[in-house]
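The values are calculated or read from the model by the stated rules, or taken from the named source; none is laboratory data. None of the values given here were measured: they were computed from a predicted structure. Here the Cβ positions follow ideal geometry from the backbone for every residue, glycine too, while neighbour counts run over all protein chains shown. These area figures cover heavy atoms from the full protein model, side chains too; ligands, DNA and RNA do not enter into them. Shrake-Rupley method; radii C 1.70, N 1.55, O 1.52, S 1.80 Å.
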Amino acid sequence: RLEGAAPPAPVSRCAGDGRTGGSAMDDDRGGGVSCCSLFRRKERPFQQTLVILRHSERLDHIDKGYKDSEEGKAWPFDTPLTERGVELARSVAAELAAVHKRSPFAIVASSPFRRCMQTAAEVAKALGLPVIIDQEMGEVWDDTMPESGPPHRSPDQLVEMARELGIKVSNPLLPEGGFKLFGKRPQSWPETLEMCHKRCIVRMETYIEQSVANRHNYVIVSHAPAVAAMLDLFQRGACNIDKLDYCARVIATRSVLPSAAKTTSVYVEQWDVTAEGMQTDINIDATEQEHIKFCDETQELAVKRREKRTGTDKIFDESLRSIAKAELDKLETIKSTSSGRSSRRSSEN
């Protein structure tokens with residue numbers, strides 16, 4: 001170095017990848033641009049899509065003699081679908097297959113009630129997806145039902161039902177052989193409709209967060225209260241729901257950066273919403289202030305739910321990650337196979 005010359009600027013290393021950067025003062029003082037900002041790949045937003053689908057036509061609402069039948073006496077609250085209901089579920093599944101091509105789904109989550117399982121089976125088979133059974137998305141546990149517990153099939157019987165329906169269920173098996181159900185069952189009996197709404201809203205927040213974390217979309221098959229509650233939230237309280245048909249559904253989409261820090265409830269954010277199979281009108285009394293207040297209350301419930309996380313909740317998270325990895329591996333295999341065919345065609349030409 002020549003006498004009197006200024007010493008060279010200290011060289012910094014990029015903490016992210018080890019490449020040599022500019023002056024160590026550049027980032028701190030705003031005098032330059034770090035190598036990280038030059039070389040880091042820009043994060044692509046995730047186009048998130050969630051479908052909340054009501055089950056199809058239930059037999060006991062059409063056949064008044066159902067409860068006098070052998071199955072009806074055994075399962076008065078766990079009715080199957082009608083034949084017309086199966087066909088309706090199949091047609092809606094075909095519609096969702098078109099959505100699946102634009103915004104691929106990774107799983108179909110279902111309430112454990114038979115009518116939901118049958119509806120979920122048609123969707124899962126049309127889309128080629130596994131099913132998970134989530135009791136937290138189950139029917140309202142009201143005072144017409146037995147206090148002993150939500151009256152759906154047992155874990156053992158759900159295994160048999162899955163086999164009968166020809167679907168792959170990703171819930172783990174209990175030591176005695178039945179499915180381990182994800183989620184928590186309703187926490188008190190009798191459960192009011194409002195309590196059911198809040199339960200489903202809090203559970204849906206888990207699916208929304210897991211969807212972003214895994215960059216995968218989900219279809220959730222549940223009951224009328226869940227569909228109504230989610231439409232009301234996504235529409236910011238601005239609509240009144242007059243009627244929900246069988247297979248009524250809400251399709252909610254948004255663009256989100258998975259790395260973005262979460263500062264508010266996912267329901268405060270803006271969603272693009274499509275509602276099918278329901279009659280609604282505008283709630284002229286709705287205000288944004290009321291919506292924000294409700295979202296804050298829901299967020300408090302979500303925090304309390306997280307504080308009560310169990311080992312089953314951890315298995316649920318791991319199952320969703322495992323399904324996401326399996327879907328990614330399947331896509332990589334398809335790409336690799338397609339690339340290999342293209343290479344062979346090129347060499348033949």
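The packing ranking of peptides 180-191, 207-218, 225-236, highest mean first, is 225-236, 207-218, 180-191, where packing means the average number of other beta carbon atoms within 10 angstrom of each residue. As a length-normalised measure over Cα pairs under 8 Å and 6 or more apart, the relative contact order of the stretch 146-193 settles at 39 percent. The candidates Glu290, Glu83, arranged from most to least accessible area with a 1.4 Å probe in the full protein assembly, appear as Glu83, Glu290. In the context of the full protein assembly, Tyr246 retains an accessible surface of approximately 50 Å², using a probe radius of 1.4 Å and ignoring ligands and nucleic acids.
When only alpha carbons of the stretch 141-192 are considered, Rg and Dmax amount to 13.0, 34 Å. Thr298: net charge of surrounding residues, Cβ under 9 Å, Lys/Arg +1, Asp/Glu -1, itself excluded? For residues surrounding Thr298, the net value is -3.
Distance from the C-alpha centroid of the stretch 135-173 to that of the stretch 224-294: 27 Å, rounded to the whole angstrom. Simple spin-label estimate for Glu194 and Ile334 gives 4.6 nm between the two label positions (7 Å along the Cα-to-Cβ direction from each Cα). Applied to the stretch 286-303, the Karplus parametrisation 6.51 cos²θ - 1.76 cosθ + 1.60 on θ = phi - 60° returns per-residue 3J(HN,Hα) values of 5, 10, 5, 4, 5, 5, 4, 4, 5, 4, 5, 5, 5, 4, 5, 5, 5, 4 Hz, with x for Gly and Pro. Projected label points at Leu174 and Asp143, each 7 Å from Cα along the beta carbon direction, are separated by 3.0 nanometres.
Geometric descriptor of the stretch 182-258, per residue, is 111 Å³ (volume of the convex hull of the Cα atoms).
Electrostatic tally near Thr119: other residues with Cβ closer than 12 Å to its Cβ, Lys and Arg +1, Asp and Glu -1, net +4.
Go through Lys293/Lys314; Lys73/Lys243; Lys67/Lys125; Lys198/Lys293; Lys67/Lys243; Lys198/Lys304 and tell me which ones have a Cα-Cα distance over 18 Å in this structure. Spell out each step's value before the answer.
Numbers: Lys293/Lys314 30 Å; Lys73/Lys243 29 Å; Lys67/Lys125 30 Å; Lys198/Lys293 14 Å; Lys67/Lys243 25 Å; Lys198/Lys304 12 Å.
Lys293/Lys314; Lys73/Lys243; Lys67/Lys125; Lys67/Lys243, as the Cα separations exceed 18 Å there.
What are the lysines whose alpha-carbon lies under 20 Å from the alpha-carbon of Lys42, with same-chain residues fewer than 8 places away excluded? Cα-Cα hits under 20 Å: Lys262.
Rounded, prolate or oblate for the stretch 131-270? Axes are the square roots of the Cα gyration tensor eigenvalues, ordered a ≥ b ≥ c, and the cut-off for rounded is a/c under 1.5.
Details: a/c = 1.89, a/b = 1.30, b/c = 1.45.
Since a/c reaches 1.5 but b/c is at least a/b, the shape of the stretch 131-270 is classed as oblate.
The trypsin sites (Lys or Arg not before Pro) found in the stretch 49-89 that occupy coil by DSSP, while having at most 16 further C-beta atoms within 10 Å, are Lys64.
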